[in-house]
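One structure is given below, encoded as structure tokens.
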Amino acid sequence: MALEEPQQKRQLGHDEFDPVGTLALIGLYFLVLVAMWLFMYFVEFLGNDPTVVGSLVTGGVV
Amino acid sequence: MSTYVERFPAEAKVIRSAFYVSFVSLAIGALMGLLQTLHRTGVVEVFGEPGTYYTVLTTHGVFLVIAFTIWFLVGVFVWAVTTSLDRGVENLRLTWGWYGLMSFGTALAGIAILAGFVDDWPVVGDISADVLFTFYAPLQAHPMFYLGLAIFIVGTWIAGADWFRSWWVWKQENPGERIPLPTFMVLTTMLMWYIATLGVAVAVLAFLLPWSLGLLETVNPLLTRTLFWFFGHPVVYFWLMPAYMMWYLLLPKISGGRLFSDPLARVVFILFLILSVPTGIHHQYLDPGISEGFKFIAMTNTMFLLLPSLLTAFTVVASMEHGARQRGGEGRFGWLKALPWGNPTFTGMALAGLMFAAGGFSGMINAGMNINYLVHNSFWVPGHFHLTVGTAVALTFMAATYWFLPQLTGRKLFSRPLALVQVVLWFVGMTFMSNAMHRAGLLGIPRRTAEPWYDGFEFEAGVGSVGELNIQIALGGTLLTLSVAIFLVVVIGTALNGKSSEIGANAIPEPLSGPEDSPLVLDNLKLWTVIAIVLVVLAYTLPLASIIDRGGLLGPGGRAFPMSLDTLVVLAQLATEGALSR
Ligand code: HEM
Ligand SMILES: [Cu+2]
């Protein structure tokens, strides 16, 4: 059994191929990254635990 | 068109032999991984004495990220060079020579580590190397460990010379031709490796080995740490570049398409060559004794290093999409359904790539100088690199094995469904383990700790509980170990399987945009090497000078841990006694 299975229905050359699906996926990844960064803000600054920055801001009280 | 083993039977044997060492290392490493997860989550108390944990952790780290990965990739590189130049190695003796050196080095270092499981050996006394894969001073290993490491690395250097030689001879016979892409990837990776290993060679040969032999009283820990990370960051790309190579060469082929762009692939490998090394200090953001300015430069270089990975994401996904559309896929997302998800090589690599995208996020957190403080040395960090080296690289290598083994043996893959289950199981297990490790790290749970529980203090989780995290980690680790076991079953089953005539040809489809579209300057390896060296000099001269200036070449002093010089003392005693009694 061959492990590669082209099963090609058509041949697309360099000029006929427009990677819109790739653009869509990468755009989605970018949005996820931005959302995660925003979320990180909450983890870093608004968490309950003292972190390096947190303890500075609160003067080491918390 | 023939399979690899039909065309290059002798080389196929070399590659198989390298792969088998790699898989044995994987098996040992994975077993240790299981013990760690169970013990440090408190699910099963595996070790009576917490000290044993460090022997286990060192075994896990070294066998997986030094032995498993590098043994696999040298095999892949032999395949890439011989296939793309369409010529066997120049001198089979030399090839077996570096194979032998690497084996000898692996055996020495491996024995030194595993010997740590026994307290006192007859005759030779105490041998151990519980120094973790980062072997920082003042942790000290038996000299055999450092010696093995050095010999192993020299073996890889000679392997690189072997590939350069193949290319050189090919070039004389094919003047004016572009370097074939797979060979180009091997050569740029090896150039990067030569520069990177200089750091560890100096650290080991000039400081750590003489120190463990008792020739040097002390070493400067910050200096040897910095030299370690000079190597320790680029080694990451030494693992990753072969994985990328598989994504560039095998994924498009198996997806039924062609690589989107040869020039882009070349640019990516050149960027790795020039940017991999001058970034190592980003592992030392919390090291006192290196000024913030140098750390900032390392951070800037690191952020530039995201570029080639993002370029790779684009090129590889576009190549897969090309395959999917040739197979009749339609729509903005619908083409994903036309991909060959039933093929374990494809699915494994695609899932590895997906996990790598998640690792990209936690990597960006690690890379930021300020936000790194939040996660430094916490469980987050192993969470991160089990996505990168532990999945993007490891799962890609395992998936690639399902394509390689039939090529290298002429035997049919033992069981495709089992292979498919294996790669999916890895993905599921890692999702549990890595995600929970990240979260545990945010609570402040430390890495490299046998029993992270303390009197009068408890970690508090904002969401969920520490117990829930521990269960996820233990569950994930168990699924991962099961996945490795299945992998080994498929490998052994294939090695014992019958010969088959239906194995596809060992051929790589032409890229959509070929080498004729890439500027000639991309193949100017000398130019890129010089630029790489200049960047390293710029990034490291001042930090190293200031470290040596402040702490001295041999450091301010201090005690090594543990004192593992017993062996030498005993051997010296035996030698003198022997001499006297004669
Ligand atoms: C069976 C699968 C695996 C399991 C269950 C597992 C589990 C673990 C755990 C729990 C730790 C953290 C220990 C601690 O910090 O106290 C760890 C560390 C580590 N793992 Fe894995 N792992 C697995 C596979 C891998 C793979 C495939 C790689 C790389 C190819 C890898 C590389 C590492 C490295 C480099 C460390 C850090 C060692 C150190 O801190 O010195 N692991 N692993
Ligand atoms: Cu790094």
(message) Taking 41 Å as R0, compute the FRET efficiency from the Cβ-Cβ separation of B:Leu488 and B:Gln172 and round it to 0.05.
(response) 0.45
(message) As a footprinting exposure proxy, order B:Trp341, B:Trp239 by other Cβ within 10 Å, with the fewest listed first.
(response) B:Trp341, B:Trp239
(request) Pick out, in residue order, every one of the GluC sites (Glu not before Pro) in the stretch B:131-240 that is DSSP loop and has at most 12 other C-beta atoms within 10 Å; say none if there are none. (result) B:Glu177, B:Glu217
(request) Report the GluC sites (Glu not before Pro) located in the stretch B:438-499 that are in a DSSP loop and have at most 12 other Cβ atoms inside 10 Å of their Cβ, or state none. (result) B:Glu458, B:Glu460
(request) Using the number of other C-beta atoms within 10 angstrom as an exposure proxy, rank B:Asp262, B:Asp162, A:Asp18, B:Asp120 with the fewest first. (result) B:Asp120, A:Asp18, B:Asp162, B:Asp262
(message) Please arrange B:Tyr244, B:Tyr54 by how many other C-beta atoms lie within 10 Å of their C-beta, fewest to most.
(response) B:Tyr54, B:Tyr244
(message) With unit charges on the beta carbons (Lys and Arg positive, Asp and Glu negative) and the dipole taken about the Cα centre of the protein assembly as shown, which residue among B:His233, B:Thr481, B:Ser22 sits farthest to the positive side?
(response) B:Ser22
(request) State, to one decimal in nm, how far the label point of A:Glu16 lies from the label point of B:Tyr373, with both points 7 Å from Cα in the Cβ direction. (result) 5.8 nm
(request) Could you give me the radius of gyration and the Dmax of the protein assembly as shown, taking only the C-alpha atoms into account and expressing both in angstrom? (result) 24.8, 86
(request) Considering Cα pairs under 8 angstrom that are at least six residues apart, work out the relative contact order of the stretch B:4-581 and quote it in whole percent. (result) 20 percent
(request) Please list the equivalent ellipsoid semi-axes of chain B, computed as the square roots of five times the alpha-carbon gyration tensor eigenvalues, in descending order and whole angstrom. (result) 37, 28, 26
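Laboratory data are not the source of any read-out in this text; all were calculated from the coordinates shown. This one's a predicted model, so the numbers in the text were calculated from it and none came from an experiment. Positions of Cβ are backbone-derived with ideal geometry, glycine not excepted, and every protein chain shown enters the neighbour counts.
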